[in-house]
Amino acid sequence: MISVKEQIDILIQLQKIDARIYALREELEERPKEIDLIKAKFQEGENLLKTIEEKSRNKKLKLKEMELDLKSKEENVKKLQIQLYQVKTNKEYASMQKEIDGLKADNSLLEEEIIGYLDEIDNLGKEINKGKEALEQERREMENKTAEIEKEINALREELKILEGEHSRVAAGIERVFLAKYERILANKNGRALAQVLHDSCSGCNIGLPPQVVNEVRLGEKIVTCENCLRILYI
């Protein structure tokens, strides 16, 4: 059997290992979230480009409809112009001429609208090409950053594996009752089961300790815990 003081010395060693283990586990939980954020940002850019491409497709469909409409109206004008020479009275001639002029005016407005659509489609095409280039650059950056983070995650996992083995080795030298108490506190205190006594206070919760408690810790004859945070005290 080893003394309580020796048990605490081993627990202090174990605490250093476990503090790093808890930090590694927390980091391993957070690092994949960085990858998710990077991918989400790329997805936003991809969705924006798809929206612009969809807008361009709709504009082209509308343009095709307008061009067909213009062609149909131009054919109507030609038919009326042929019929114009077949009318027999001035009244009929004037009426048909008015109809022709109205159709030509409508066609002129439609032509202007078509030109406007052509300009918009051209600008959207330029925006799409620029967006594709930027997205490809973002894709490369995303893949590089993701690969870098995944490499770091693997390194963290390797370190964690080594430390977990070290934990088992050191823990084997602690009596079961002490180890059980330590691990229970460790789980409840987020990886910090021990607290050093500094200036007669618990470094875990910064609460002042009664002189009797400090003396008991100094004697090292039994496990002494802080009444406030319940951590195992040591000097």
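The values are calculated or read from the model by the stated rules, or taken from the named source; none is laboratory data. All values derive from a computational prediction rather than experimental measurement. Glycine also receives a Cβ, built like all others from the backbone with ideal geometry; neighbour counts cover every protein chain displayed. Surface areas here come from the heavy atoms of the whole protein model, side chains and all, with no ligands, DNA or RNA. Shrake-Rupley method; radii C 1.70, N 1.55, O 1.52, S 1.80 Å.
Taking the listed residues Ile2, Ile12, the one that is open to solvent by less than 70 Å² (accessible area, probe 1.4 Å) and not in a helix (DSSP H, G or I) is Ile2, with no other qualifying.
Got at least one residue in region 115-128 being farther than 30 Å from Asn47 by Cβ and assigned to a helix (DSSP H, G or I)? Checking region 115-128: at least one residue is farther than 30 Å from Asn47 by Cβ and assigned to a helix (DSSP H, G or I). A residue that is part of a helix (DSSP H, G or I) and farther than 27 Å from Ser3 by Cβ cannot be found anywhere in region 186-202. For the residues Ala155, Ala147, Ala195, the requirement of being in contact (Cβ under 8 Å) with a residue 12 or more places away in the chain and either within 42 Å of the chain's Cα centre (by Cα) or within 22 Å of Gln15 (Cα to Cα) (or both) singles out Ala195. Residue-level check: of (1) of a type outside the set (Phe, Trp, Tyr); (2) modelled with pLDDT of 95 or more; (3) surrounded by 11 or more Cβ atoms within 10 Å (Cβ to Cβ), Ile174 misses just (2).
Going by the conditions given, is Leu135 under 24 Å from the mean Cα position of the chain (by Cα) and touching a residue at least 12 places away in the same chain (Cβ under 8 Å)? So Leu135 fits the description; yes. Remark: pairs (first residue in region 161-174, under 18 Å from Gln7 (Cβ atoms); second residue open to solvent by 40 Å² or more (accessible area, probe 1.4 Å); Cβ separation under 6 Å; 6+ apart in sequence or on different chains) = Val170/Gln13. For region 131-150, the criterion of being at pLDDT 95 or above, closer than 16 Å to Arg25 by Cα and open to solvent by 30 Å² or more (accessible area, probe 1.4 Å) is met by at least one residue. Please work out if Leu61 is without any contact (Cβ under 8 Å) to a residue 60 or more places away in the chain and over 30 Å from Lys189 (Cβ atoms). In short, yes. None of Leu186, Leu156 is closer than 16 Å to Glu26 by Cβ and out of contact with any Leu (no Cβ under 8 Å at 6 or more places or on another chain) except Leu186.
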